[in-house]
Structure formats: structure tokens, C-alpha cells
Amino acid sequence: MATTSLWSIRGNVSRVINYIKNPAKTTLPVSQIPPEIEHGERIETVQVLVDAINCSVKNAAKDMNSLKEYFGKPGGITAYHGYQSFSPEDELTPMQAHEIGMELADRLWGDKYQVLVATHLDKQNHIHNHFVINTVPLDGGRKFCRTKQDYLDMRNESDELCRTLGLSVCKVTGKGKSYGEYKAELEGKPTIRFTIRWDIDRAIADASCMNRFYENMEKLGYKVILYGQSGKALEHPKLMPYGTQKCFRFDKLGEGYDIPDIHARLLDRGKPYCRLFPPAPKRIRQYSRYHEPRTVCATYRYYGRFIRLQFTKPGYVRRIPYSLREDIAKLEHFIDMQNFTSRHKFQSVGQVKSLKEYLEVQICSLSKQRRNLNIRASHEEKLGHDNLASALRYEAKENYGKQIKEMRRELKLCTELLSEFTAVRDKCSDLRNEITLERNELIRQRQRVRVR
């Protein structure tokens, strides 16, 4: 199984070329050197895992820069850097991996561009090829610009070569997702699509048909869009959270959340088994505890509480603005801000500014003292006083390094608080308005029940 990637490089290509040609990464041990490479007396190691197409290995950077200058195209994106990484489960020798990389480079770019190919062995059981492609073609035509199709071609050619040698190939299943969403789900952190899927599950639990499901989604603060402006049914239905113009397609939310899948889930499940919202009287008593926050500390405590409630008890509030749904993905950040403001008991923004100015002065003073200690340590090392130099460096790290690190963290929180406090305060106001409207609605429902 081989994974591939390709990205742009700006500036001088020498740095990336020197990286992939690093002898410590590309040198083949003597036990794995093919017999045809050895000549004369036996050698201990040999760097055979670097090759070039349409340029020389020794002067690859010079050749690429010369071609750019000859055609007058030295600026912009100067090269593309790619890799082809093989699975540790595949029984593959370094020479076989290098041959696959050379064949892949020749198929994709060999007839038009200068390419440098290197195979790295520095990581145990992780053989991978690197490619550096000059953006200026040999005929001086249009510069190479990676498109989605170029990446797909690279992946398809790599898979074909792996199949030819009997290696495993990545199987694509399900819908794709961004790296940020994938990492958040891997670490168990909430995401915006996670909360939408959660709401869909709640709507299904209290529905016996599709019409009831759509009504439940409306109650949860979503607008379900099934038809276009012309009145024609959409090929891919979507939903739009309350308070935004951004839409999410059902078929992009994951397996089991497309419209046909939701319909099948309703048919398989039968009768509703869960109420969409708790009983009204109980929820009204819960609302009576909340008051409009007046200080910085109270604002973050109030807002952080509701974000946690949306993650742990998603049915707590009926209509949630989209801005708060987005902030659920930043749950850890708001927990840190809540602890930070509670620890310092901030009453106003002015106190935050004062703390920020104090931290900046302290960091500057401590950094200067640490720098002086390090300078003394360097001087003692030159004189041969290694023990004294080690003691000075230890003092600089323990007495000043840890203090500076903690102060910089506090300074970062101060900066973030000052930049986002106004928006958080406005979100608290919007959230309070929504809670008031829902509370009044629930009170009217209870009064109608009493009248009956």
C-alpha cells in the first residue's frame, strides 16, 4: 500500500534538494547493495538511492535554476515536492521501492520536466520516495501547476505499479473529510458535523415518518431544503442551521445520514422511542437560574457552560445559533478561557489589558536575564569550564525558562480574550434572547395544558 502527496515549493530549490539527497537518509547498507553496483574492492556503504531524470544528480539544483533563468521564469512556485510512502506490511526492499519511484516519475513527468528521485531509509519499516519536480518544462512552455487531476493521476499510477508488484493498495470507502475534522474525531473532540449528526439522530428517535422528521429538524433550528428555486427536487437535499446561510448536504454528513438512509432507519425502527425535548415544566425551572452576565469572568463562565451542555446534553436548548454550534468544536479553548478568567477574577477588559502589559514587561526582563546566563555559559565553555557552563544553563532553564513559558501562555490567552470578547458577549446576548423566547413558549404550553 502506497500513499502519495504533492505540494508547491517557493524560493530556492537547493534546500529541498539537499534534504532529499541527505546521505544519512539515502545510503544503502553494504548488505543490501546489488552485486552489479560493486566495482573493484568491496565498499562499506554506497549512495545508490538518488537518481535524476533530464538533469544530473550532482548538480540538480544548478540545472533546474539554469533552465529557469534561460527561459526567464525564476519566480513564483519554483518546484513541487512529493512523496510516495509504502506500508510497513509490504515486503519491499529499498531497491524495489526506488525502482517504483523512478518508474512513477518517468510516467508522470519524465517526458517534459526535470525530476529528482530519492528513496529514504532513515525511519525503521518506513521506506518512502521523494520527488522534486522543476516547474519550468524542458521546452520553456507553460509552468507546471498541480491540479486535482494531477494528484489523482499520481495516485492512480502509483496504485497501478503497486498492483503490478503484488503490493497492497489503499481502498477508498465512504465520504472524504478534511484533516481537521478527521483529527478532531480521532481525538474525541466535537465538530460542527458531529453536532448536526447528533441532532439528526434525535430527530429520528422522535419521528415515525419523514414529515415528522422534517418537523423535528425545524424545531431543532434547521431549515431542510428539498427543492430548488425553480420548484424542482434537488438531487442532493441539504439543511441550513439557524443563524447562517451555510448549507450542509445530507450525503456529505457520513454513512447513514443521507435522505434514503434516514428513511430506511425510520422504517427499520418502527415507533418513536424518545421524546425530542424534556417536559416543559422541568425545563422552565432550569431556565430560572440564569442571569445576564455583567463581567468578563461571568461572560465566559456563562458561555462555556452552554457549550458544554450542548456537547453533553444536546436537547437542553431548542434553537441554537449557528455561531454557538461552530464554537462547540472549540470546547477546549473556551474551557481554558473560563479557567483563566476565573483564576484572575477579571471584572472588566481594562484589567485584562493591564495584565497583558505587565506580562510583556516581565517576559522582556526575564528573557534578558536568561540571555545573559547563556552568554556566560558559552564563555565558560570556551575556557574549558564545562561544569560551570552546565550549571549556568541549568539555572537559565529552571529559573527563567519555565517562568517565561508560563507567562507567554498567559499572554497568549490575554491577546485572544481581547480579540474575541466582544463577539463572545454578543453571542451570549443572542443566546439569552433565544432562551427567553423558548421559555415564554413553554410557559404558554403549560398554561394551555392547565386550561384543558
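Taken together, the values in this text are just the output of simple stated rules run on the coordinates, not laboratory data. Just so it is clear, the structure is predicted and the values come from calculations on it, not from any experiment. Neighbour counts run over all protein chains shown; Cβ positions are idealised from the backbone, glycine included.
Please give the contour-minus-distance gain from residue 362 to residue 332: 0.36 nm per residue of separation, less the Cα-Cα distance, rounded to one decimal in nm.
8.1 nm
Which peptide among 153-165, 225-237 comes first, and what is the full order, when sorted by highest mean count of other Cβ atoms within 10 Å?
Packing proxy ranking, top to bottom: 153-165, 225-237.
So what J values fall out for the stretch 333-341 if you push phi through Karplus, 6.51 cos²θ - 1.76 cosθ + 1.60 with θ = phi - 60°, rounded to Hz, Gly and Pro as x?
Here the 3J(HN,Hα) series is 4, 6, 5, 4, 5, 5, 5, 5, 5 Hz.
Is there a pair in 62/148; 143/232; 62/382; 232/330; 25/330; 353/397 whose C-alpha atoms are over 32 Å apart, and which pairs would that be?
Over 32 Å apart, Cα to Cα: 143/232; 62/382; 232/330; 25/330.
Classify the stretch 181-269: rounded, prolate or oblate, from the alpha-carbon gyration tensor (a ≥ b ≥ c, eigenvalue square roots; a/c under 1.5 rounded; otherwise prolate if a/b is larger than b/c)?
oblate
Quick one: order 309, 383, 49 by neighbouring beta-carbon count within 10 Å, fewest to most.
Least crowded to most crowded, the residues run 383, 309, 49.
Given the peptides 97-110, 348-361, arrange them by the average over their residues of other C-beta atoms within 10 Å, most packed first.
With the highest mean Cβ count within 10 Å placed first, the list reads 97-110, 348-361.
Given the pairs 252/412; 123/402; 356/405, which span a C-alpha to C-alpha distance of over 25 angstrom in this model?
Over 25 Å apart, Cα to Cα: 252/412; 123/402.
Using a Förster distance of 30 angstrom, determine the FRET efficiency expected from the C-beta separation of residue 145 and residue 62, and round it to 0.05.
The formula returns an efficiency of 0.80 here.
How high is the relative contact order of the stretch 198-238, given as a whole-number percent (alpha carbon pairs under 8 Å, six or more residues apart)?
25
So if we plug the beta-carbon distance of residue 347 and residue 242 into 1/(1 + (r/R0)^6) with R0 = 25 Å, what FRET efficiency do we get, rounded to 0.05?
Calculated transfer efficiency: 0.15.
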